[in-house]
Each structure stands twice: as C-alpha cells, then as structure tokens.
1. Could you compute the FRET efficiency for Ser149 and Leu28, with r as their C-beta to C-beta distance and R0 at 41 Å, rounded to 0.05?
2. Kindly identify the range 81-129 as rounded, prolate or oblate by the Cα gyration tensor criterion: order the square roots of the eigenvalues as a ≥ b ≥ c, call it rounded if a/c is under 1.5, otherwise compare a/b with b/c, prolate if a/b is larger, else oblate.
3. Can you find, among Ser141, Ala92, Ala164, the residue farthest towards the positive end of the dipole of the range 92-165? Put +1 on the C-beta of Lys and Arg, -1 on that of Asp and Glu.
4. What's the magnitude of the charge dipole for the range 17-75 around its Cα centre, counting Lys and Arg as +1 and Asp and Glu as -1 at the beta-carbon? Answer in Debye, nearest 20.
5. Counting DSSP beta bridges with both partners in the chain, what percentage is antiparallel, nearest 5?
6. Taking only Cα atoms, what is the 0 to 90° angle, nearest 10, from helix 30-41's long axis to the longest principal axis of the chain?
7. Distance between Cα centroids, the range 21-40 to the range 94-122: provide it in whole Å.
8. Would you mind classifying the range 112-182 by shape? Square roots of the alpha carbon gyration tensor eigenvalues, ordered a ≥ b ≥ c; an a/c under 1.5 is rounded, otherwise it is prolate if a/b is larger than b/c and oblate if not.
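Just so it is clear, none of the values below were taken in a lab; they were calculated from the coordinates. The shown structure was predicted, so the numbers you read here are calculated from the model rather than taken from an experiment. Cβ placement follows ideal geometry from the backbone for every residue including glycine, while neighbour counts extend to all protein chains displayed.
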Amino acid sequence: MSIALMTFDIFGTVLDWRAGLERELGELDFDAVVDRQAELESEQFRSYTEIVAQSLVDEVGLSESEAARIGANAGQWPLFPDSADALRRLRAIAPCAAITNSDHAHGAQVQAQLGFALDGWICAEEVRAYKPDISMWRAASRRLGVPFSRDWWHVSAYADYDLATARALGLTCVFVRRPHSRLGPADVIVTDLAELAELVSR
C-alpha cells in the first residue's frame, strides 16, 4: 500500500473527549453537548474554546467562568490508551498531521500528552472554518504539500464530520470504532489506532 500522508481527527479519535468531559462533570448527556457544538460551529466563527464553553453553559448549565476553564483546557482531556504509541509507529511510515475542530492552544496540550509533535496541526482557529467544511482539507493540502489522492489517508471515528468530505476528495478513508463513533462509508475499518499501525506495518 502507498501512503504519502495520514491525517487524523483528534477529538473522539485520538483524544477521548467523552471521558474528559465526564472526568470534569460526571455523567452527562454527551450527545446533546456534541450536537450543540455542531450548531454553534455552523454559525458565525468563534474559537473552539468558546464553542465548548457555550455548549456547556447551554446544555449542562455551567457558569460561564467554569465552562471557559474547561474549554480552554480541552486538549488535556485523556488520550485513548493506544493513541501515543500507535501514532509514534505510524509516523515512522508516513507524516501524520491533525485536521481538527480545535484551537492552536489545544494542539500544544494534545502534543504534550503524546510526548512528541505531529507533522502538522491544521485547526479551525487557523482556517476560520469547521469540519466538515472542505476548506480544512484544502488548508492541509497547501500546508503539507500533498495533493488529494488515494495515497492520502484520513482517519476518524466520525463519518459526518470527516469521512464524507474525505471520500468526496478521493482520499482513503479509515474509520476507527471509538466510543461515540458515527459509522459511514470507509475503505478501512479498525477498532483502534494500534490495529491501524499493525495493518500498515505489514
């Protein structure tokens, strides 16, 4: 198999945002929070920190100050246990970058948890748009110097946010069966990133 680039959704694919929110707040209606974030992302642009905070004010009833603190530190929510080792293995095969509905500060937090820098952090704060907007992938193509093709693999637990756009662009789509994942058409289906690393290492 030929792989020129691997790009990754972060929240829900590399980082366990449900566990992170529940660690902060206890059990909650996670779907309601995520759906509210999607609504906010479709409105006039604001940072992901602000969107997380507003979703928690609206759906959980948090104070604005507490919600703002959680939003600012979203990149410190826990990684899935397989993420760091698998990404390290995958980076030995091809460049690995993030295409993420988040901010630059979250990138620093996530990469600090990984223990190494990814090969790019293309985020909504930079592009001023949110996935599934095609401009996120166009920005990644420009930044990383890789044209759209089957040699570009996009990895996500979300068909709606990620894989539908990636498929329309002709990329190889990898679906990861994470908690809260949303299945759709994919070329490769794996249970976690460790399985993906094993697959492409053969």
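1. 0.50
2. Details: a/c = 2.57, a/b = 1.67, b/c = 1.54.
Taking the square roots of the gyration eigenvalues as a ≥ b ≥ c, the range 81-129 is prolate.
3. The residue sitting farthest along the positive end of the dipole is Ser141.
4. It comes to approximately 280 debye.
5. Working: 1 of 20 bridges.
Restricted to the chain, the bridges split so that about 5 percent are antiparallel.
6. Roughly 80 degrees, rounded to the nearest 10.
7. 22
8. rounded
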